[in-house]
1. Quick check: net charge around L129, other residues with Cβ under 14 Å of its Cβ, Lys/Arg +1 and Asp/Glu -1?
2. Can you say what percent of the DSSP beta bridges in the chain, counting only those with both residues inside, are antiparallel? Round to 5.
3. What fraction, in whole percent, of alpha-carbon pairs in the range 315-374 exceed 16 Å separation?
4. Between Q376 and R114, how many nm apart are label points set 7 Å from Cα along the C-beta direction?
5. For the chain, I need the span (max minus min coordinate) of the C-alpha atoms along each principal axis, in Å, sorted largest to smallest.
6. Of the options N138, S88, S56, report the single residue whose Cα projects farthest towards the positive end of the charge dipole of the range 52-210 (beta-carbon charges: Lys, Arg +1; Asp, Glu -1).
7. Just P344, P305, P288 to compare: in a GNM of the chain, with alpha carbon springs under 10 Å, which one fluctuates most?
8. Calculate the dipole size of the chain relative to its Cα centre from +1 charges on Lys and Arg beta carbons and -1 charges on Asp and Glu beta carbons; express the result in debye to the nearest 20.
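Throughout, read-outs are computed from the coordinates displayed, never taken from laboratory work. Worth saying up front: this structure is predicted, and the values here are computed from it rather than measured. Cβ placement follows ideal geometry from the backbone for every residue including glycine, while neighbour counts extend to all protein chains displayed.
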Amino acid sequence: MTNISIIGSGLAGYLVATEVRKKLPKANITMFTATDGAYYSKPMLSTALAQDKESSDLVMFSAAAMEKRLDMKVMAHTKVKKIDSKASTIITEKGSSGYDSCILATGSDVISLRLKQKIDDKVFTVNSLDDYALFRENLSTGTRIAVIGSGLVGVEFAHDLAGAGYSVSIVGDAAYPLNLLVPAEIAQVLQRAMEKELKVKWHLNESVVAIEPNKDSVVLECASGTKINADIVLSAIGIKANIDLAKASGIRTEQGIVVDDMCRTNYSNIYALGDCAEVAGLNLHYVPPIRKCATAIAETLAGSPTTVKYPAMPVSVKSPVCPIAACIPRTKEKLTCELTGVVPDLVARFVDDNGSLRGFGLSGSATKQKIELSQQIESWLS
């Protein structure tokens, strides 16, 4: 009987377990996780506060329930120390386990702030249920929150916090929010909406160099000399692929765990998907690519070698006061940005020298065009 091991119990781990079970009903599937193995969707973390949800409310299924649903074994609170690829063995702090195929779904870690001074008990990150629970415990009526980072994660959390009634300031080192997703004209529509509707305060083109104590609160000191008062700080400057286990096990890594278009690492029976994986050069941190990879891996393990196919996949920002959607161009060619529409409903089209659409940014009601426009873009991986 085939033994399949999955390392990681996030969305990627459970999605691939689900697909593998469909294709291999008799396989032994074992999941190893350092957490309690509860199944939840990480994207829900950035919308939970405005909905007044506790961390327990975000759990869709316990590890025990997932074991029953997928006829698998979840080794909760079991940290994997190393993968012995020659012996096809997973070495944990509780013992060793052999595998025929191993799938890495180790997710991502937050990028840490590097400051000359920081008050650690006032600075939080939210990248898991436990993180969310701790952050929520430190919130009370009237809490002033400084969000460091004006990218996708920072904007979504700031929107959620302000929507829940907290006083929110965003500090970002770019000239406008979402600068890696959309052009300034699109981003500024959202910026103004969050400022007007949610009273969010923006501090852009600023970088925080220190966080200093001020009685029961803190002061953020910026490089420009600007000082921002807050009770607590949420760091949302980005995430990075969790590749430590792979590196320690001799698996090739770059920005993520390097895999081919079948999600195979440099070891033919070790695969990777999700935030931790760099699939044919693409390290994508959102859900649709995970689904594509999970399906391909399951097909391959079931005896039908299958390559991953990525159509152009747009990202939707969770910002109800002003919907934003974007499809980042996946090319190094020089592109022209064509902006049409009337605020707040703008369309930014990125076209190449031949007039072909390579990416877009949308705001307001124009976000309804995201599927239609996505279908006009050449596949990212085919």
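1. Net charge in that neighbourhood comes out at -3.
2. Of those bridges, close to 60 percent are antiparallel.
3. Percent of Cα pairs beyond 16 Å in the range 315-374: 40.
4. 4.2
5. Rounded to whole Å, the extents work out to 61, 58, 35 Å.
6. Projecting each Cα onto the dipole axis, the largest value belongs to S88.
7. Of P344, P305, P288, the Gaussian network model singles out P305 as fluctuating most.
8. 600
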